[in-house]
Structure formats: C-alpha cells, structure tokens
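None of the figures in this text is laboratory data; all of them are computed from the coordinates on show. All figures in this text were calculated on a predicted structure; none of them were measured in a lab. Positions of Cβ are backbone-derived with ideal geometry, glycine not excepted, and every protein chain shown enters the neighbour counts.
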Amino acid sequence: MNAVVWQTLKKHRAAFIILVIFTMMSTSLITGNTYLEGKLLDSLVYSRNPRLFALFFGLMLGFSILRLVISFFTSHIQILTKKKTVLELNRKIIFRLFTKNTLSILKWSPTTLSARMNDDVTEIVSFFSDTVVRLCSVIVSTLTITAYVLSANAEIFT
C-alpha cells in the first residue's frame, strides 16, 4: 500500500510544491505588510513626509491585493488537489484490495471498509496539504521576522 500512496502523492507533487511556494509568498507578504505598517506610521509621526506616506500606503495596498490573488489560487489548489488526491488514492486502494484473494477483506462490510479507508487516506493527504504547508509558512515567518529584527536599529533595544 505504501507504493500506491507514494505513487499518487508523487503524481500530485507539482501542485503541492506550488501550494507551498504560494503559501510562503503569502506569509512573506503578511510579514512585509506588518513592517510597512510600522514604516507608514513612522512617515506620519516622525518624518511627516506625504510622499513617503503615499509610497508606503501604495506598497501596502499592492501587497494586500497580491496576497488576495495568491490566497485565491492557494485555496483553489489546496481544495481541488486535496480532493482529487483523496479520490484517486481511495480508488486505487479499493481496486488493489478487491483484486487480492484474501478472505479477511470479506469479513468487513463494504461501507465500513470504505469509510475507514477514506478517513485514513484523508488524514495522509491532509498531512501533506495542510500540516507541511503550515510548517513551511511558520519557518518563512520566523526567518522573515528574524531578518527584520536583525536589520532594525540597535538603539531601539537599549
């Protein structure tokens, strides 16, 4: 069964990689937008420069629109790829099980067997489409925040 799972996941690998890349871009945009909010406030309070304010406001607006577009495609890829992968895995596993000549399969009712397989397959696919993507997002967020903190003026912290 492991071969069937890995073969199916490899078939949808490109979609999962695109999903991870889009999620990392979205996380970077969220963190960058927070940084720009601080710069926007600085431009109002400290420098009182309307051009700088307009620049930061425009950048924030652009980041927000870009994040909205990326979010649409991320959700689209995540939902469709996850459903397709679960359906394909269920189909392959059921086909493999019923082509085997084992009596232990006949002990289960088809409904129970299908429900258990669907739950297990959904958990496996959810791990890759949700958990791994979330982990990459947290890593990017941590690295981005660390870069902002390290590049900040050291006088702020003293």
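Could you give the angle, 0 to 90 degrees to the nearest 10, between helix 2-11's Cα long axis and the longest principal axis of the Cα atoms of the chain?
That works out to roughly 40 degrees.
Taking a ≥ b ≥ c as the square roots of the eigenvalues of the Cα gyration tensor of segment 1-48, is the shape rounded (a/c under 1.5), prolate (a/b larger than b/c) or oblate?
Here segment 1-48 falls in the prolate category.
Counting pairwise Cα distances across segment 12-82, what percent come out greater than 15 angstrom?
Here the long-distance tail beyond 15 Å is 57 percent of all Cα pairs in segment 12-82.
Order 121-132, 64-75 from most to least packed using the mean count of other Cβ atoms within 10 Å.
121-132, 64-75
In whole Å, what are the Cα extents of segment 107-158 along the three principal axes, biggest one first?
Each principal axis gives a Cα extent; for segment 107-158 these are 72, 15, 10 Å.
Could you give the length gained on full extension between Lys107 and Asp119, defined as 0.36 nm per residue of separation minus the Cα-Cα distance, in nm?
2.4 nm
When Tyr46, Tyr35, Tyr148 are ordered from fewest to most other Cβ atoms inside 10 Å of their Cβ, what list results?
Going from sparsest to densest Cβ surroundings: Tyr46, Tyr148, Tyr35.
Might you report the magnitude of the Cβ-based charge dipole of the chain about its Cα centre, with Lys and Arg at +1 and Asp and Glu at -1, to the nearest 20 debye?
In total the dipole reaches around 800 debye.
Can you give me the angle between helix 50-99 and the longest principal axis of the chain, using Cα atoms only, in degrees from 0 to 90, rounded to the nearest 10?
It is inclined by approximately 10 degrees.
Can you give the angle from 0 to 90° between the axis of helix 13-42 and the longest principal axis of the chain, with both taken from C-alpha atoms, to the nearest 10?
Helix 13-42 sits at roughly 20 degrees to that axis.
Which of the lysines could a cross-linker span from Lys107 if the Cα-Cα distance has to be under 26 Å and same-chain partners fewer than 8 positions apart are dropped?
Lys92
Can you run the Rg to Rh ratio on segment 33-158? Use alpha carbon positions and the Kirkwood inverse-distance Rh.
1.29
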